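The values are calculated or read from the model by the stated rules, or taken from the named source; none is laboratory data. Computed from a predicted model, the values in this text were never measured in an experiment. As a convention, Cβ positions derive from the backbone with ideal geometry for all residues, glycine included, and neighbour counts pool all protein chains shown. Side chains included, ligands, DNA and RNA excluded: accessible areas come from the protein's heavy atoms. Shrake-Rupley method; radii C 1.70, N 1.55, O 1.52, S 1.80 Å.
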Amino acid sequence: MELLHSGKVRDLYADGDDLILVASDRVSVYDTVLPTPIPDKGKLLTALSLWWFEQLADLVPNHVISATDVPAEFAGRAIRCRRLEMVPVECVARGYLTGGGLKEYESTGAVSGVELPRGLVEAAILPEPIFTPTTKAPVGEHDQPMTYAEVVEKVGAETAERLRQVTIEVYCRGAELAADRGILVADTKIELGWAADGTLLLGDEVLTPDSSRFWPAQSYQPGRAQFSYDKQHVRDWATSSGWDRQGPPPEVPAEVVAATRARYIEVYERLTGNRWE
Ligand code: ATP
Ligand code: MG
């Protein structure tokens with residue numbers, strides 16, 4: 001198979017007309033891949049993404065062909081999918097104000113051109129979920145916010161409206177389902193693409209901890225940074241390790257790896273209701 005692309009966390013291969021999307025056990029914090037893998041992370045995120053594709057299938061068709069017809073070495077952490085012409089927009093929906101959205105709001109009062117009420121604090125719930133698209137930046141660069149008008153310019157009014165609608169619907173379905181299970185979905189990013197027959201499909205991964213911010217509902221408290229479901233342990237460790245975030249990070253201690261793995265399992269089990277074997 002031809003390796004088309006190797007991201008921070010995933011690798012993408014071509015197999016004839018299909019793609020094989022392989023999730024690794026790599027984990028990144030502060031945009032840097034750590035030298036220590038988190039065992040089973042690739043399988044957990046792949047299983048979670050597959051589960052969500054099914055939950056969302058009545059809202060939007062997806063690119064999945066098979067989760068089992070993949071090379072044996074990638075079993076459990078790869079998806080055979082239809083190769084799409086990806087829409088050149090990262091489709092983000094936000095229900096809470098945090099991360100890049102918070103920074104933008106603090107300097108402009110808006111996120112991706114969506115005006116928000118004054119006086120919102122960090123992690124505040126928004127009056128309603130908003131569509132805050134970004135560019136798909138080339139490797140090594142950061143995605144930049146796009147206004148809705150810029151999306152229209154890039155993909156046309158009709159496609160822009162579909163992107164917005166699908167993104168908000170996926171967010172709302174995901175947030176509703178997760179809320180029942182004690183998890184808040186602060187925001188999420190999806191990617192859509194055109195199949196050869198002209199249909200718009202949901203691609204990439206969906207509603208995983210790598211594409212979304214999950215917060216435990218129990219400890220939610222606006223006005224401060226929230227506990228990150230998956231990466232809090234590695235982040236806390238990275239912060240206290242003396243690593244300057246410039247040079248290569250040190251190996252992650254075994255207890256931090258174990259705690260992080262346990263959080264990925266917990267997210268998977270809580271959301272899907274399945275036991276992780
Ligand atoms: P990062 O590590 O920051 O996420 P990245 O986005 O380049 O970098 P990946 O997310 O691993 O790395 O890359 C996956 C790539 O595969 C993305 O560019 C995504 O748009 C693309 N992709 C996902 N599904 C499909 C598909 N069905 N057809 C074509 N391309 C796809
Ligand atoms: Mg990506």
If you take the square roots of the eigenvalues of the alpha-carbon gyration tensor of the chain and sort them as a ≥ b ≥ c, do you get rounded (a/c under 1.5), prolate (a/b over b/c) or oblate? rounded
Ignoring ligands, DNA and RNA, please state the percent of accessible area on the chain from carbon and sulfur, probe 1.4 Å. 49 percent
For the Ile65, Ser240 Cβ pair and Förster radius 51 Å, calculated FRET efficiency rounded to 0.05 is 0.70
Charges only on Cβ, +1 for Lys and Arg, -1 for Asp and Glu: so what's the dipole of the range 85-219 about the Cα centre, in debye to the nearest 20? 320 debye
Output ordering of 244-252, 42-50, 176-184, 262-270 (per-residue mean of other Cβ within 10 Å, highest first) is 42-50, 262-270, 176-184, 244-252
For the range 121-167, rounded, prolate or oblate, judged on the Cα gyration tensor with a ≥ b ≥ c (square roots of eigenvalues), a/c < 1.5 rounded, else prolate if a/b > b/c? oblate
Protection proxy (average C-beta count within 10 Å per residue), highest first, orders 136-147, 221-232, 158-169 as 158-169, 221-232, 136-147
How many percent of all Cα-Cα pairs in the range 148-277 sit more than 25 Å apart? 43 percent
Given all pairs of different Cα atoms, what value in angstroms does the Kirkwood hydrodynamic radius of the range 85-219 take? 15.3 Å
Just tell me which lysines come within less than 16 Å, Cα to Cα, of Lys231; anything on the same chain fewer than 8 places away is out. Lys8, Lys41
Net length gained if the chain between Ala262 and Ala72 were fully extended (0.36 nm per residue, minus Cα distance): 65.9 nm
Where does each of 116-124, 59-67 land if you order them by average Cβ count within 10 Å, highest first? 59-67, 116-124
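Over all distinct alpha-carbon pairs, what is the Kirkwood Rh of the range 216-271 in angstrom?
Computed over the range 216-271, the radius equals 12.8 Å.
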Once amide hydrogens are built 1.01 Å from N within the peptide plane, the residues lying 5 or more places from Tyr229 or on another chain with amide H under 5 Å from its amide H are Phe214
Calculated from DSSP helices alone, with each H run of at least 4 adding -39500 (n - 2.57) and the total divided by the residues of the chain, [θ]222 nm to the nearest 500 comes to -10000 deg cm²/dmol
